[in-house]
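Each remark here refers to the structure printed beneath this line.
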């Protein structure tokens, strides 16, 4: 290594030289990939600190939960409608009991979680 500063130890000069190379490489990379030399201004814009960003994975899961809750509510309404009708004939009664059993099983399996 060659240096014109005869008072410093070469270890310190090497560290400074390495730091300079790192900076030059950084600016070269930013110029090539991000157009650092093409910036019109070096100002900043104030951003509100309360900007809300929703996680897309959470949004998908939330939609799935809402969909299941709506289905459960419809099943409960259907079950309730079948439970509070006037006295039907025997044939109709069997059909309603089968329908109630289907609603009940869907409702019971949905409300486990």
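The values are calculated or read from the model by the stated rules, or taken from the named source; none is laboratory data. Remember, it's a predicted structure, so these values are computed and weren't measured experimentally. Reconstructed Cβ throughout: ideal geometry from the backbone, glycine too, with neighbour counts over all protein chains shown.
Evaluation of residue 37 against the conditions (1) surrounded by 10 or more Cβ atoms within 10 Å (Cβ to Cβ); (2) in contact with a helix residue (DSSP H, G or I) (Cβ under 6 Å, 6 or more places away or on another chain); (3) assigned to a helix (DSSP H, G or I) shows that the sole unmet condition is (1).
Is at least one residue of segment 54-76 outside any helix (DSSP H, G or I), at negative phi and modelled with pLDDT of 80 or more? Taking every residue of segment 54-76 in turn, at least one turns out to be outside any helix (DSSP H, G or I), at negative phi and modelled with pLDDT of 80 or more.
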